[in-house]
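Here's the structure we're looking at; comments come further down.
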Amino acid sequence: MKSAVIVFPGSNCDRDLAVALELITGHRPAMVWHKEPVLPEGTEFIGIPGGFSYGDYLRSGAMAARSPIMRAVKDSAERGVPVIGICNGFQVLTEAGMLPGALMRNAGLSFICRPVPLRVENSQSLFTSQYDSGEEISLPVAHHDGNYQADDATLDRLEGEGRVAFRYLDQCNGSARNIAGILNDAGNVLGLMPHPERVTEPAHGGTDGRRLFEGLLETVNA
Amino acid sequence: MKARVFVTLKAGVLDPQGKAIHHALEGLGFGGVNDVRAGKLIELDLADGTSDSDIEDMCRKLLANTVIENFRIERMENAPQRNPVEA
């Protein structure tokens, strides 16, 4: 699987994501600087990593979402290329209008950095096919702005269409309906606050994130 | 020509920052504060002739996230020059 990781000024999980992708897919991803106008030819998967792009200026993800590369990311997503946005990447995807809603300051105002229990709500997506529906997993979160908000109509639509991919088991950051990760309507764009790339090897203290990338690889190669 | 853009959270959107400011005011002994909402003020120095719709476009495309925020534009071309309050 030919993957690309987008790098913004202030990204800090880009290398973690690249290491996880190389480990699982066997191919080193292309690291694509945000000023690039195009993605490498034949890119089959795009990862938007965590971090603090542009120092979270204006709003988390706001500046990055308007970077030159994001037009190419949007075009690829519209053609069906899978895109994952993790943490700041999720914020970038909402700011870019590729996912609905917004991520606001955590309700408790504190930066949260710890493993959190999650439920896999939809195991049919191309990112979650290796999990069981309703399965409980643990992934680390590390964010200040993870409080997912959208209007009730949007939340109802997300729930009704099975687009809530992951949900916090316990109230974590104030997110509406405890939403931790959502899919776009076509199902090929996933945004989530927890970090699956940080739990892909036993030495990480957990491997619950590994199956996300394995499932993705299987779908892309199918 | 200068313009000010006020970006505020929509009604009903939880504002944890405003709440924290509210608590801090109470902690300082200021009674009678019913609620606090925090927003942003962005000052733009614009070429003469920049239209209202251009500024609105800037707000919709970048300055405000209209999922959660409202914006208000205040043109300052004929506004009397006021000295900022000395801190």
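The values are calculated or read from the model by the stated rules, or taken from the named source; none is laboratory data. Bear in mind the structure is a predicted one, so any value in this text is a computation, not a measurement. In this analysis, Cβ positions are derived from the backbone assuming ideal geometry, glycine residues included, and neighbour counts consider all displayed protein chains. Each accessible area value is taken on the protein alone, full model and side chains, heavy atoms only, with ligands, DNA and RNA left out. Shrake-Rupley method; radii C 1.70, N 1.55, O 1.52, S 1.80 Å.
Is it true that A:M63 is in contact with a helix residue (DSSP H, G or I) (Cβ under 9 Å, 6 or more places away or on another chain), of a type in the set (A, V, I, L, M), at pLDDT 95 or above and under 18 Å from A:G10 (Cα atoms)?
Details: in contact with a helix residue (DSSP H, G or I) (Cβ under 9 Å, 6 or more places away or on another chain): yes; of a type in the set (A, V, I, L, M): yes; at pLDDT 95 or above: yes; under 18 Å from A:G10 (Cα atoms): yes.
For A:M63, the condition - in contact with a helix residue (DSSP H, G or I) (Cβ under 9 Å, 6 or more places away or on another chain), of a type in the set (A, V, I, L, M), at pLDDT 95 or above and under 18 Å from A:G10 (Cα atoms) - is met.
A:D14: in contact with a strand residue (DSSP E or B) (Cβ under 6 Å, 6 or more places away or on another chain) and among the charged types (D, E, K, R), yes or no? Don't jump to the end; show me each part of the working.
Details: in contact with a strand residue (DSSP E or B) (Cβ under 6 Å, 6 or more places away or on another chain): yes; among the charged types (D, E, K, R): yes.
Taking the combined requirement at face value, the residue satisfies it.
Report, by residue number, each residue of the stretch B:39-81 that is away from every other protein chain (no Cβ under 11 Å), open to solvent by 40 Å² or more (accessible area, probe 1.4 Å), among the hydrophobic types (A, V, I, L, M, F, W, C) and not in a strand (DSSP E or B).
B:A47, B:M58, B:M76, B:A79
This table checks each residue for (1) at pLDDT below 95; (2) farther than 21 Å from A:R71 by Cβ; (3) in contact with a Leu (Cβ under 9 Å, 6 or more places away or on another chain).
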{"residue": "A:M1", "(1), (2), (3)": "yes, yes, yes"}
{"residue": "A:F8", "(1), (2), (3)": "no, no, no"}
{"residue": "A:N12", "(1), (2), (3)": "no, yes, no"}
{"residue": "A:T25", "(1), (2), (3)": "yes, yes, yes"}
{"residue": "A:V32", "(1), (2), (3)": "no, no, yes"}
{"residue": "A:E36", "(1), (2), (3)": "no, no, no"}
{"residue": "A:L39", "(1), (2), (3)": "no, no, no"}
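Across the stretch A:109-125, what is the number of residues that are open to solvent by 40 Å² or more (accessible area, probe 1.4 Å), modelled with pLDDT of 95 or more and closer than 19 Å to A:G187 by Cβ?
2
For the stretch A:174-208, which residues satisfy the criterion of being in a loop (DSSP other than H, G, I, E, B) and either of a type in the set (D, E) or in contact with a His (Cβ under 7 Å, 6 or more places away or on another chain) (or both)?
Initially, the stretch A:174-208 is screened for residues in a loop (DSSP other than H, G, I, E, B), giving A:174-175, A:184-188, A:193-195, A:199-200, A:205, A:207-208.
Across the stretch A:174-208, the qualifying residues are A:D185, A:M193, A:D208.
Those residues that are in a loop (DSSP other than H, G, I, E, B) and either acidic (D, E) or open to solvent by less than 30 Å² (accessible area, probe 1.4 Å) (or both), I need them from the stretch A:23-46; list them, please. Talk me through it step by step, then tell me what you get.
Just the residues of the stretch A:23-46 that are in a loop (DSSP other than H, G, I, E, B), to begin with: A:26-29, A:34-44.
The answer is A:P29, A:H34, A:E36, A:L39, A:E41, A:T43, A:E44.
Run A:G89 past the list (1) on the phi < 0 side of the Ramachandran plot; (2) open to solvent by 10 Å² or more (accessible area, probe 1.4 Å); (3) touching a residue at least 24 places away in the same chain (Cβ under 8 Å) and report the number of the one that doesn't hold.
Against the list (1) on the phi < 0 side of the Ramachandran plot; (2) open to solvent by 10 Å² or more (accessible area, probe 1.4 Å); (3) touching a residue at least 24 places away in the same chain (Cβ under 8 Å), A:G89 comes up short only on (2).
Of all residues in the stretch A:98-125, count the ones that are assigned to a loop (DSSP other than H, G, I, E, B) and either more than 11 Å from chain B (Cβ to nearest Cβ) or touching a helix residue (DSSP H, G or I) at 6+ places or on another chain (Cβ under 8 Å) (or both). Show your work before the answer.
Within the stretch A:98-125, the first condition is being assigned to a loop (DSSP other than H, G, I, E, B), and the residues that meet it are A:98-101, A:105-111, A:121-125.
With either more than 11 Å from chain B (Cβ to nearest Cβ) or touching a helix residue (DSSP H, G or I) at 6+ places or on another chain (Cβ under 8 Å) (or both) added as a condition, the list becomes A:98-101, A:105-109, A:111, A:121-125.
Result for the stretch A:98-125: 15.
Hey, can you tell me all the residues within the stretch A:180-222 that are crowded, with 21+ Cβ neighbours inside 10 Å and β-branched (V, I, T)?
Matches in the stretch A:180-222: A:I182, A:V189, A:V199, A:T200.
Just checking, how many residues over the stretch A:143-171 are open to solvent by 10 Å² or more (accessible area, probe 1.4 Å), assigned to a loop (DSSP other than H, G, I, E, B) and either within 14 Å of chain B (Cβ to nearest Cβ) or among the β-branched types (V, I, T) (or both)?
5
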